[in-house]
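Here the structure is laid out as structure tokens; the discussion comes afterwards.
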Amino acid sequence: MGKLPNYLLEHCRQNCSLAAMDWSEYYQELEIGLQELNLSTIFKERFRPYLFHHIPKIALAGCPNGCSQPQIKDIGVTGFITPQLSENSCSGCQTCIAACSEKAITWHDEGIVIDPLLCVSCGMCIRSCPTEKIIPKESGWLLSLGGRLGRHPKFAKIMGKVRTGKKLKTGS
Ligand code: SF4
Ligand code: SF4
Ligand code: SF4
């Protein structure tokens, strides 16, 4: 077998209209960081013999839909944007309710309510609101570790977040 790569880095679709964060800004920086980390040396210590399925897998996703499958990678980096209500008026159009596939937004006498336990921080409600009643609260990247397929599959655990404060990406 030829020389194995030091890592496998996947990303989701560029310029996706659903993206909460633009991963392309960080892709090269991540590659530099991964090369400096020299992950394969660590993995070669752990897995003997070191085989193709031991190669560290990393995924970069622009939103919690996670098309690059950060949940099953050794390292996952996922863009997020969490909503909050502003002082602006709500028109009552309920577009945000239709936009939220998690059913995290409900309509009450006093207006809309966002359930933080159901919200996955995809930012779709922010994007859909015509009056900016729903605005970003925080945004950045969720870091997850330890996901794997194979003989002992398991989902990655979210270990932390990096807040960047950047605004919602406007997709094409
Ligand atoms: S993870 Fe999100 S941003 Fe990336 S391709 Fe899928 S839907 Fe689009
Ligand atoms: S928060 Fe925005 S999208 Fe939702 S009902 Fe009010 S105006 Fe419409
Ligand atoms: S950020 Fe996404 S999941 Fe959360 S309330 Fe808005 S549309 Fe629903």
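The values are calculated or read from the model by the stated rules, or taken from the named source; none is laboratory data. Predicted model only: the values in this text are computed from it and were never measured. FYI the Cβ positions are ideal-geometry reconstructions off the backbone, even for glycines, and counts take in every protein chain you see. Note: areas computed on protein heavy atoms with side chains; ligands, DNA, RNA excluded. Shrake-Rupley method; radii C 1.70, N 1.55, O 1.52, S 1.80 Å.
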5 angstrom amide H check on ALA61, placed H, neighbours 5+ away: VAL77, THR78, GLY79
Low-density loop cleavage sites - trypsin sites (Lys or Arg not before Pro) in segment 122-159, where at most 13 other Cβ are within 10 Å (DSSP): ARG151
Table column - 3J(HN,Hα) (Hz), segment 12-17, Karplus curve with 6.51, -1.76, 1.60, x for Gly and Pro: 8, 6, 6, 6, 6, 5
Student exercise, segment 8-163 dipole from Lys, Arg, Asp, Glu Cβ charges, in Debye to nearest 20: 860 debye
Phi-based couplings in Hz for segment 111-116 (Karplus 6.51, -1.76, 1.60; Gly and Pro marked x): x, 7, 10, 9, 8, x
Selection from ILE134, GLN28, CYS93, by position along the positive dipole direction of the chain (Cβ): GLN28
Separation of the GLU132 and TYR50 label points, Cα + 7 Å toward Cβ, nm: 5.1 nm
The chain: Cys lacking any partner C-beta under 4.7 angstrom: CYS16, CYS63, CYS90, CYS93, CYS100, CYS119, CYS122, CYS129
222 nm mean residue ellipticity, helices alone, for the chain (DSSP H n ≥ 4; -39,500 (n - 2.57); rounded to 500): -5000 deg cm²/dmol
Under Karplus coefficients 6.51, -1.76 and 1.60, residue-wise ³J(HN,Hα) of segment 45-58 in Hz, glycine/proline x: 5, 7, 10, 10, x, 7, 10, 4, 6, 8, 4, x, 10, 10
In degrees, nearest ten, helix 24-37 long axis to first principal axis of the chain (Cα): 30 degrees
Distance (nanometres) between label positions extended 7 Å along Cα→Cβ at GLU29 and HIS108: 3.8 nm
For segment 1-56 and segment 62-80, distance of Cα centres in Å: 13 Å
Fraction of accessible area attributable to carbon and sulfur, the chain (%, probe 1.4 Å): 55 percent
Built amide H within the under 5 Å cut-off of LYS161, gap 5+: LEU143
Amide H contacts of SER86 (H built 1.01 Å from N, under 5 Å, at least 5 apart or other chain): ILE134, ILE135
Cβ-based charge dipole, the chain, positive-most Cα from GLY147, GLY62, ASN6: ASN6
